[in-house]
1. Can you tell which of VAL279, VAL221 is among the hydrophobic types (A, V, I, L, M, F, W, C), buried (at least 17 other Cβ atoms within 10 Å of the Cβ) and in contact with a strand residue (DSSP E or B) (Cβ under 7 Å, 6 or more places away or on another chain)?
2. Could you tell me which numbered condition LEU210 fails, if it satisfies all but one of (1) assigned to a strand (DSSP E or B); (2) modelled with pLDDT under 95?
3. Can you name the residue in region 31-64 that is assigned to a strand (DSSP E or B) and not hydroxyl-bearing (Ser, Thr, Tyr) and is also farthest from the chain's Cα centre (by Cα) among such residues?
4. Being part of a loop (DSSP other than H, G, I, E, B), surrounded by fewer than 14 Cβ atoms within 10 Å (Cβ to Cβ) and not assigned by TED's automatic domain parsing to the domain that holds ASP127, is that true of even one residue in region 269-276?
5. Going by the conditions given, is VAL181 closer than 21 Å to LYS93 by Cα and in contact with a strand residue (DSSP E or B) (Cβ under 7 Å, 6 or more places away or on another chain)?
6. Among the listed residues GLN132, GLN117, identify the single one that is in a helix (DSSP H, G or I) and at pLDDT 95 or above.
7. Go through (1) under 27 Å from VAL67 (Cβ atoms); (2) outside any loop (DSSP other than H, G, I, E, B); (3) at pLDDT 95 or above; (4) touching a strand residue (DSSP E or B) at 6+ places or on another chain (Cβ under 7 Å) and name the single condition THR111 misses.
8. Can you tell me which of VAL82, VAL91, VAL21 is under 18 Å from ASP304 (Cβ atoms), β-branched (Val, Ile, Thr), touching a His at 6+ places or on another chain (Cβ under 9 Å) and at pLDDT 95 or above?
Amino acid sequence: MLTIGYYGNGKSTNRYHLPFVLQRKDKFRVKTIYRRNPAHDVWKKQEGVYYTSELKELLDDPEIDMVCICTSANHYECAKAVLEKGKHCLVEKPFTETAEQARELFALAKTKGLVIQAYQNRRFDSDFLTVQKVIESGKLGDLLEVEMHYDYYRPEVPENKMFEKYNSFLYGHGCHTLDQVIGYWGKPDSVHYDVRQLLGQGRYNDYFDLDLYYGILKVSVKSSYFRVKARPSFIVYGKRGCFEKVTKDRQEEHLKMFYMPDGHEDFGLDLPEHYGTLVYYDENNQYHEEKVPSQRGDYGRIYDGMYDAIVNGREKVVKDEETLLQMEILEKGISLICPVG
């Protein structure tokens, strides 16, 4: 069993981490949660967990094997402090601000024999897992194009924010879909960038459209804050057919309702009305149109992977080179509206 602590006590820790860790009591024990300002506590405290505003109590505790960085910023500084104390580290995304910072953390972890990894929970989204199953069925034929959308209609967000590199839309949300692309298809041959500030120069980055090319296949990652009607989560085109998944993974939807995975067998599950539609011609040129039952998503599989990497010495779920490639793409994309160097 691994004893773990959390660096931060906000939405990330309480919504996207603890519900899944607490399901895995055979692998993890949550001992300590550090938060800088107890007056800002708004989440229900977990029974049996020690809450502290003294960082030293988290970092210097010899019982704690792994620390999860769940702050909104300063991931590099926080993760470095954890590694220097000899503890494994799981870091919320975006992993760091630059690829150079990521390289430094990976090198430091290697010299100390530690595991550090980005918390890329969206690899285990139901819609993305379903897309993989459809692709691997072969029914679409050779792939030609994949469109991945992450849309909102929240104009109040960009209207009330100015530009910050680390808290840009590309960094904050592109890290989700980019990781899915890189984790499944690997390194692209080339990338085309369209990163914008729709409200004008110096304003919040509220739109991005990245095209990643793999031979004849183009994978597009598109997001906007100004979509009154969101585009489908995924559309996949092949030479013999297409698959459209309109709705997104429902884990986040349920978490926002405090409908937690522990004790609810239907947590995150799609209903039939959420299933995607597969249309294709078979080898006999016969037309088919069918609903595809969704795969089950589980953000907690990232923790299963960390456990296996630390305890059993297995390969990390999110490889270092994948994180480095993502950081390079994010840096290049954001530099187009915010020149660096």
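The values are calculated or read from the model by the stated rules, or taken from the named source; none is laboratory data. The model shown is predicted, which means the values in this text are computed figures rather than measured ones. We place every Cβ from the backbone using ideal geometry, glycine too, and count neighbours over all the protein chains shown.
1. VAL221
2. (2)
3. Among residues in region 31-64 that are assigned to a strand (DSSP E or B) and not hydroxyl-bearing (Ser, Thr, Tyr), the one farthest from the chain's Cα centre (by Cα) is LYS31.
4. For region 269-276, residues part of a loop (DSSP other than H, G, I, E, B), surrounded by fewer than 14 Cβ atoms within 10 Å (Cβ to Cβ) and not assigned by TED's automatic domain parsing to the domain that holds ASP127: absent.
5. Here the answer is yes, as VAL181 does meet what is asked.
6. None of the other options fit; the residue is GLN132.
7. Looking at each condition in turn, THR111 falls short on (4).
8. So the residue among VAL82, VAL91, VAL21 that is under 18 Å from ASP304 (Cβ atoms), β-branched (Val, Ile, Thr), touching a His at 6+ places or on another chain (Cβ under 9 Å) and at pLDDT 95 or above is VAL91.
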